[in-house]
Amino acid sequence: MIHDVRKRIFLPFDEKHELLFNKQLRPLNALGCDYLYYLVSDKTSNNKSYRFCTHEDWIDFYYEEKLIDNDPLKRIVEKSNISILPWNQASFINKHEKQTMSGRSAFGLYNGVSIVSKFNDKKYIFVMATEHRDHDLARYLLLEKNYELKKLMHGCITLFDDFNGII
């Protein structure tokens, strides 16, 4: 659902592929991951970006309230070569960034991890979060469930490649 928010420069996946992304997420639900945001910036297809998100209400709020302009996670990932950012490692440079993180919490997204991977002129961004305040999702996925995390990422990338082949 794309409403009328101008800053969004991404395209949605079709319904079939959205269902397949939801299927990819199911195993992570058992690990305490309640939220997945997946963005692909494809430099080979006229700079188009595609995204999938499990929480449309949060994304609508994020863009409508212009939280994207003061997102510490986005700032850190874009301004550095960091490929993995546990949310609890993010620092705030002003009160607006702190408000953005508070907005995430207000939508039940407490602990998470942002992962960026570049491959074949594409940038893949995976953002995962949990609705459980005491669950250190980043540590759990990166250290204890790394195989499941890699499997999810591989599955999403493969789905995008399949989708990209039909558009």
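The values are calculated or read from the model by the stated rules, or taken from the named source; none is laboratory data. Computed from a prediction, not measured in an experiment: that's the story for all the values here. Every residue, glycine among them, receives a Cβ derived from its backbone with ideal geometry; neighbour counts consider all protein chains shown.
May I ask you to say which residue of Tyr147, Tyr110 is loosely packed, with under 12 Cβ neighbours inside 10 Å and without any contact (Cβ under 8 Å) to a residue 40 or more places away in the chain? Only one candidate qualifies: Tyr147.
Exactly one residue among Val77, Val127, Val40, Val116 is more than 21 Å from Phe21 (Cα to Cα), in contact with a Ser or Thr (Cβ under 7 Å, 6 or more places away or on another chain) and of a type outside the set (S, T, N, Q), and that residue is Val77.
Only a single item in (1) surrounded by 14 or more Cβ atoms within 10 Å (Cβ to Cβ); (2) charged (D, E, K, R); (3) more than 14 Å from the chain's Cα centre (by Cα) is not met by Glu64, and it is number (1). Residues in region 24-61 that are among the aromatic types (Phe, Trp, Tyr) and surrounded by fewer than 19 Cβ atoms within 10 Å (Cβ to Cβ): Phe61 only. Checked against the criterion of being in contact with a Leu (Cβ under 7 Å, 6 or more places away or on another chain) and at pLDDT 80 or above, region 1-19 has no qualifying residue. Among the residues of region 67-90, is there at least one that is surrounded by fewer than 17 Cβ atoms within 10 Å (Cβ to Cβ), within 22 Å of Pro12 (Cβ to Cβ) and either out of contact with any Leu (no Cβ under 6 Å at 6 or more places or on another chain) or of a type in the set (Phe, Trp, Tyr) (or both)? Taking every residue of region 67-90 in turn, at least one turns out to be surrounded by fewer than 17 Cβ atoms within 10 Å (Cβ to Cβ), within 22 Å of Pro12 (Cβ to Cβ) and either out of contact with any Leu (no Cβ under 6 Å at 6 or more places or on another chain) or of a type in the set (Phe, Trp, Tyr) (or both). Checking each residue in region 115-140 for being among the hydroxyl-bearing types (Ser, Thr, Tyr) and touching a Pro at 6+ places or on another chain (Cβ under 9 Å) picks out no residue at all.
When residues in region 58-76 are screened for being charged (D, E, K, R), closer than 25 Å to Tyr140 by Cβ and either touching a residue at least 24 places away in the same chain (Cβ under 8 Å) or assigned to a loop (DSSP other than H, G, I, E, B) (or both), 1 of them pass.
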